[in-house]
1. Taking region 35-60 on its own, how many of its residues are part of a helix (DSSP H, G or I) and surrounded by 15 or more Cβ atoms within 10 Å (Cβ to Cβ)?
2. Among the numbered criteria (1) under 17 Å from Ile28 (Cα atoms); (2) in contact with a Phe, Trp or Tyr (Cβ under 7 Å, 6 or more places away or on another chain), which one does Ile108 miss?
3. Residue check, Ala192 against (1) under 30 Å from Gln162 (Cβ atoms); (2) small (Gly, Ala, Ser); (3) without any contact (Cβ under 8 Å) to a residue 24 or more places away in the chain, all met but one. Which one?
4. Got at least one residue in region 61-81 being surrounded by fewer than 17 Cβ atoms within 10 Å (Cβ to Cβ), modelled with pLDDT under 95 and among the hydroxyl-bearing types (Ser, Thr, Tyr)?
5. Given the condition of a type in the set (S, T, N, Q), assigned to a loop (DSSP other than H, G, I, E, B) and out of contact with any strand residue (DSSP E or B) (no Cβ under 7 Å at 6 or more places or on another chain), answer yes or no: does some residue in region 279-296 qualify?
6. In region 230-256, how many are surrounded by fewer than 16 Cβ atoms within 10 Å (Cβ to Cβ) and either part of a loop (DSSP other than H, G, I, E, B) or in contact with a Ser or Thr (Cβ under 8 Å, 6 or more places away or on another chain) (or both)?
7. One residue is enough: does region 269-283 have a residue meeting the conditions surrounded by 18 or more Cβ atoms within 10 Å (Cβ to Cβ), more than 38 Å from the chain's Cα centre (by Cα) and more than 25 Å from Gln205 (Cα to Cα)?
8. Being closer than 13 Å to Gln69 by Cβ and not hydrophobic (A, V, I, L, M, F, W, C) is the filter; apply it to region 19-59 and report the residue that is modelled with the highest pLDDT.
Amino acid sequence: MRKLILFTCLALSYSGVLAAEHSASPTIYQGVREAQQALEQQHYTQAQQGLKSLLAQAHSPYERALVQQNLGIVALRQQHLEQARHAFDAALQSQALPAAEQQRLRRIQAQLLLRTGEAAAAMRLLQAWRALAGTLQAEDCQLFAYAYTQLGQPSKAAWHWQQAIKQSQSPPLEWYQQLAAAYLAAQQIEPAIAAVRQLIQRQPQQAQYWLQLAQLYLKQQQNNQALATLQLAQHKGLLPADWLLLLVRLYMQQKQPLKAMRLLESAFVHQQLDKTPDNLALLAMARQQAREPALSR
């Protein structure tokens, strides 16, 4: 799977909240506010040092969790992912933050775990988050799909990609790509064909999708469909030279030797194919088969 890009604008703009229903001492409250202001100005060292000094002064579980949460945010903004994980983990383990903050933190921590390949731990957090979250949104389905992919459960990944696409008004192209990859990994060829056809609808000039579709049809022994797909790709000028021989052989299989002969002759003239002994033998066979019906009349 392509390297996971997990840190969306939501994650990178994540900031701690000083909850009104939770009390912090004036020293902690003011120190956290100053650290957040330094963070907004990208004064990361100042924010980190201020929070570390506050940690020694924090007495209640909420105060310690609040400072750890903000230390994690500073580390996250600097892309110090391991530091962020440890700080967020300490904040989560305390269970002292408001419920909404605990939920947000579970989701961010799950993304960090996925980034480092710890899918089982990420899934435990996601399941805990999901139990309280209610209906999944498109981005939530995306996160679960990544987790199931890392866990080697492509069928579940495909289901979540499908849900993400359904719930999004303008799903990114990558989601369709991931959906097709998940179906392929699960050996679900017919759904994979449908997914690749969706990719072609989105980007009809991408040769790779036409070739992938033809391969899938061949895997299903739907040679007529594979031939039609490659013909259309050639008509659009998308068929690379190294696929011309496959098209020639499909013409031969489907008893269309005249088309095979003309395609080979054109490929030789335009130097798309070399006149190797095998290619010349194939041309001779196509010419022979093309003549036979005419001789029989």
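1. 12
2. Exception for Ile108: condition (1).
3. Unmet for Ala192, out of (1) under 30 Å from Gln162 (Cβ atoms); (2) small (Gly, Ala, Ser); (3) without any contact (Cβ under 8 Å) to a residue 24 or more places away in the chain: (3).
4. No, the conditions are met nowhere in region 61-81.
5. Checking region 279-296: not a single residue is of a type in the set (S, T, N, Q), assigned to a loop (DSSP other than H, G, I, E, B) and out of contact with any strand residue (DSSP E or B) (no Cβ under 7 Å at 6 or more places or on another chain).
6. Looking only at that region, the number is 5.
7. Yes: region 269-283 contains one or more residues that are surrounded by 18 or more Cβ atoms within 10 Å (Cβ to Cβ), more than 38 Å from the chain's Cα centre (by Cα) and more than 25 Å from Gln205 (Cα to Cα).
8. Gln36
The values are calculated or read from the model by the stated rules, or taken from the named source; none is laboratory data. The structure displayed is predicted, hence computed values, not measured ones. All Cβ positions, glycine included, derive from the backbone under ideal geometry; neighbour counts span all protein chains shown.
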